[in-house]
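What follows is a short report on a single structure.
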Amino acid sequence: MLLDGLLISKKRNEELKTKIKNENLKLKTSIILVGEDPASLVYVKGKIKASKEVGIETELINLSNNIKESELELLIKRLNNDSSVNGILLQLPLPKGFNEKKMINLIDPNKDIDGFTTINQGKLFQKLDCINAATPQGIINLIDEYKIDVSGMNVVVIGRSQIVGLPIAKLLLDRNASVTICHSKTKDIKLYTKEADLVVVAVGIAKLLKEDMVKDGVIVIDVGINRIDGKLIGDVDFENVSKKASYITPVPRGVGPMTINALLENVYKISKMERD
Ligand code: NAD
């Protein structure tokens with residue numbers, strides 16, 4: 001069965017739109033884009049469009065590649081102090097020469113809708129209420145919508161990045177899954193995936209997860225986005241793995257739209273945290 005991220009995200013976006021309207025909320029996100037990386041531009045446009053659809057205002061601040069780190073620093077501080085701005089999103093990657101971690105951590109954690117600051121990530125690992133990164137939160141929302149209970153499951157997460165692999169492993173662990181993390185130095189990934197009830201793949205290698213690496217009935221979440229010959233392909237060999245899977249996300253229309261939805265829900269959540 002398909003885990004239809006597009007369908008579920010549309011439903012959740014509608015629900016969010018209704019809440020924003022009914023509660024008469026004025027929400028605004030400032031998106032900072034440094035330079036003109038074409039992929040980043042596509043992502044930013046997608047976020048702006050989706051925000052508009054649910055009634056969240058966006059302001060795009062596109063800075064030139066040549067700005068100094070100190071100028072970006074001043075901008076982030078100004079937005080932190082601007083009470084009309086609920087959420088700040090610093091589009092990554094920053095051009096070479098910028099200290100990304102330092103810039104991210106200038107963002108007020110109470111406006112950090114990406115959940116990338118040390119405070120929000122630290123809170124996640126201390127099980128405190130926080131803003132989670134949108135991709136792992138989107139995956140959790142998706143499995144919740146399909147009423148998949150991961151408690152007691154053998155889960156394998158392939159990838160250990162700060163924004164996907166590590167937080168999704170922690171969120172699944174919090175739901176009582178037994179989680180194994182595989183990565184670029186894992187000797188034999190198949191050894192682990194063969195035993196897995198649920199596999200999350202977040203690597204960035206097209207068709208990394210193959211049919212012979214999974215058992216019948218496995219649940220597969222494909223986070224990967226790979227552009228091959230102008231087509232978007234995930235990290236899972238969908239055509240063959242889907243024959244064995246009980247549930248599987250497609251690429252596109254799987255984790256991608258759930259990520260955007262979670263980002264929008266983060267803006268709403270932040271506005272509630274401010275008022276509570
Ligand atoms: P990353 O490059 O930060 O991390 C990749 C991880 O894969 C690393 O932890 C590395 O150890 C592991 N890895 C590398 N080669 C491997 C191998 N041969 N076998 C096993 N593990 C290996 O990437 P990321 O930011 O976590 O993103 C991963 C993928 O997910 C990318 O394709 C990215 O475009 C995509 N992504 C999609 C969304 C979405 O909304 N759908 C969001 C974020 C990232």
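The values are calculated or read from the model by the stated rules, or taken from the named source; none is laboratory data. No experiment lies behind these values; they were computed from the predicted model shown. Reconstructed Cβ throughout: ideal geometry from the backbone, glycine too, with neighbour counts over all protein chains shown. Surface areas here come from the heavy atoms of the whole protein model, side chains and all, with no ligands, DNA or RNA. Shrake-Rupley method; radii C 1.70, N 1.55, O 1.52, S 1.80 Å.
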Restricting to region 99-140, name every residue that is assigned to a loop (DSSP other than H, G, I, E, B), closer than 21 Å to residue 85 by Cβ and open to solvent by 30 Å² or more (accessible area, probe 1.4 Å).
105, 106, 108, 116
Pick from 89, 60: which is within 22 Å of residue 131 (Cα to Cα) and either open to solvent by less than 50 Å² (accessible area, probe 1.4 Å) or of a type in the set (Phe, Trp, Tyr) (or both)?
89
Sort out which residues of region 1-33 are over 17 Å from residue 139 (Cβ atoms), within 20 Å of the chain's Cα centre (by Cα) and not basic (Lys, Arg), and write them in order of number.
14, 15, 16, 29, 30, 31, 32, 33
Every listed condition ((1) more than 24 Å from residue 4 (Cβ to Cβ); (2) open to solvent by 60 Å² or more (accessible area, probe 1.4 Å)) holds for residue 203 save (1)
Scan 21, 28 and give me the residue that is open to solvent by 70 Å² or more (accessible area, probe 1.4 Å) and either in contact with a Phe, Trp or Tyr (Cβ under 6 Å, 6 or more places away or on another chain) or not in a loop (DSSP other than H, G, I, E, B) (or both).
21
Quick test for you: out of 118, 180, pick the one residue that is β-branched (Val, Ile, Thr) and either within 13 Å of the ligand (Cβ to nearest atom) or more than 19 Å from the chain's Cα centre (by Cα) (or both).
180
Which residue is farthest from residue 260 (Cα to Cα), if the candidates are limited to region 34-82 and must be within 18 Å of the chain's Cα centre (by Cα) and of a type in the set (S, T, N, Q)?
40
Is at least one residue of region 143-161 in contact with a His (Cβ under 6 Å, 6 or more places away or on another chain) and within 15 Å of the ligand (Cβ to nearest atom)?
yes
Restricting to region 141-168, count the residues that are more than 13 Å from the chain's Cα centre (by Cα) and either closer than 19 Å to residue 3 by Cβ or open to solvent by less than 20 Å² (accessible area, probe 1.4 Å) (or both).
16
